[in-house]
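A.B. asks: Quick one: the structure is below, questions incoming.
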Amino acid sequence: MRNTARWATTLGLTAAAVCAPLSGAALAAPGTAPSALYAPSALVLTVGHGDSAPTVTPERAVTLTCAPGPSGTHPAAGAACAEMDRIDGDLDALTMREGVFCTQQYDPVLVTVEGVWRGQRVSYERVFSNDCVRNAHGSSVFAF
C-alpha cells in the first residue's frame, strides 16, 4: 500500500510538472508551429527516511522545471537549475562540499528524482546516511 501511494504521488506531480506548460495558448492553437523550442526539463524530487524505495513513504516532494526558465515548487528553483546545468543533469556528480562535517549517525534518507532532463528520461535514487550528508551534496538540488 505504501508503494502505491508513493507511485501515485510521483506520477501525479510528474504529470502536473510536464503538462502544466500545455495549458492555455498552447492548447488553443492546434496545427501551428511547435510551442517549445527547447527540450523539456521537468523533474519530481522526493525525500523520505529509510533505505529502500519500495518501503519508504515520501515525506516531501517538489517539482523542478528548468526550461525555458526555472520554476516549480522547489524552494531554490533558480539555484537548483543552475546546479543541474553545471553537472549536465548527472546527479551522481553531486559530491559532498568541502568543509562540511556531519555526524556518523545512521538515519538513512532516500532521495528519488523522476522526470525528464533536456529531453532524456531520468530515474534516480540515492540513500544518504543522514539529512546532514544529503544537504551537503551539491548546494541546492537536494535542499528541499
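The values are calculated or read from the model by the stated rules, or taken from the named source; none is laboratory data. Given the structure is predicted, the values throughout are model-derived calculations rather than measurements. Positions of Cβ are backbone-derived with ideal geometry, glycine not excepted, and every protein chain shown enters the neighbour counts. Protein only, heavy atoms only, side chains kept; ligands, DNA and RNA dropped before computing areas. Shrake-Rupley method; radii C 1.70, N 1.55, O 1.52, S 1.80 Å.
A.B. asks: Does Pro58 satisfy the condition of being in a loop (DSSP other than H, G, I, E, B), touching a residue at least 24 places away in the same chain (Cβ under 8 Å) and over 12 Å from the mean Cα position of the chain (by Cα)?
C.D. replies: Yes.
A.B. asks: Can you tell me how many residues in segment 108-133 are of a type in the set (Asp, Glu) and open to solvent by less than 10 Å² (accessible area, probe 1.4 Å)?
C.D. replies: Initially, segment 108-133 is screened for residues of a type in the set (Asp, Glu), giving 114, 125, 131.
Next cut, open to solvent by less than 10 Å² (accessible area, probe 1.4 Å) only: none.
Counting residues in segment 108-133 that are of a type in the set (Asp, Glu) and open to solvent by less than 10 Å² (accessible area, probe 1.4 Å) gives 0.
A.B. asks: Among all residue pairs at least 6 apart or on different chains, which show Cβ distances below 6 Å where the first residue, located in segment 119-144, is at pLDDT below 95 and the second is among the basic types (Lys, Arg) and open to solvent by 30 Å² or more (accessible area, probe 1.4 Å)?
C.D. replies: Pairs that qualify, where the first residue is at pLDDT below 95 and the partner is among the basic types (Lys, Arg) and open to solvent by 30 Å² or more (accessible area, probe 1.4 Å), are Ala136/Arg97.
A.B. asks: Criterion first (modelled with pLDDT under 90 and of a type in the set (A, V, I, L, M)) does Ala53 satisfy it?
C.D. replies: Against the criterion (modelled with pLDDT under 90 and of a type in the set (A, V, I, L, M)), Ala53 qualifies.
A.B. asks: For a quick check of your reading of the model, give me the residue pairs whose first member lies in segment 81-104 and is over 14 Å from Ser139 (Cα atoms) and touching a residue at least 24 places away in the same chain (Cβ under 8 Å), whose second is small (Gly, Ala, Ser) and surrounded by 11 or more Cβ atoms within 10 Å (Cβ to Cβ), with beta-carbon atoms closer than 7 Å and at least 6 apart or on different chains.
C.D. replies: Once the first residue is over 14 Å from Ser139 (Cα atoms) and touching a residue at least 24 places away in the same chain (Cβ under 8 Å) and sits in segment 81-104, its partners that are small (Gly, Ala, Ser) and surrounded by 11 or more Cβ atoms within 10 Å (Cβ to Cβ) give Cys102/Ala136.
A.B. asks: Touching a Phe, Trp or Tyr at 6+ places or on another chain (Cβ under 7 Å) and not aliphatic (A, V, I, L, M): is that true of Pro70 in this structure?
C.D. replies: Numbers: touching a Phe, Trp or Tyr at 6+ places or on another chain (Cβ under 7 Å): no; not aliphatic (A, V, I, L, M): yes.
Spelling it out, it is not the case that Pro70 is touching a Phe, Trp or Tyr at 6+ places or on another chain (Cβ under 7 Å) and not aliphatic (A, V, I, L, M).
A.B. asks: Test of understanding: among Asp107, Asp92, Asp85, which residue is among the charged types (D, E, K, R) and in a loop (DSSP other than H, G, I, E, B)?
C.D. replies: Values: Asp92 fails: in a loop (DSSP other than H, G, I, E, B); Asp85 fails: in a loop (DSSP other than H, G, I, E, B).
Every option except Asp107 fails the conditions.
A.B. asks: Pull up segment 50-66, narrow it to residues that are within 16 Å of Val113 (Cβ to Cβ) and of a type in the set (Gly, Ala, Ser), then point me to the one that is surrounded by the fewest Cβ atoms within 10 Å (Cβ to Cβ). Working first, answer last.
C.D. replies: First, the residues of segment 50-66 that are within 16 Å of Val113 (Cβ to Cβ): 53, 56, 58-66.
Retained after the next criterion (residues that are of a type in the set (Gly, Ala, Ser)): 53, 61.
Numbers: Ala53: 15, Ala61: 19.
Top of the filtered list is Ala53.
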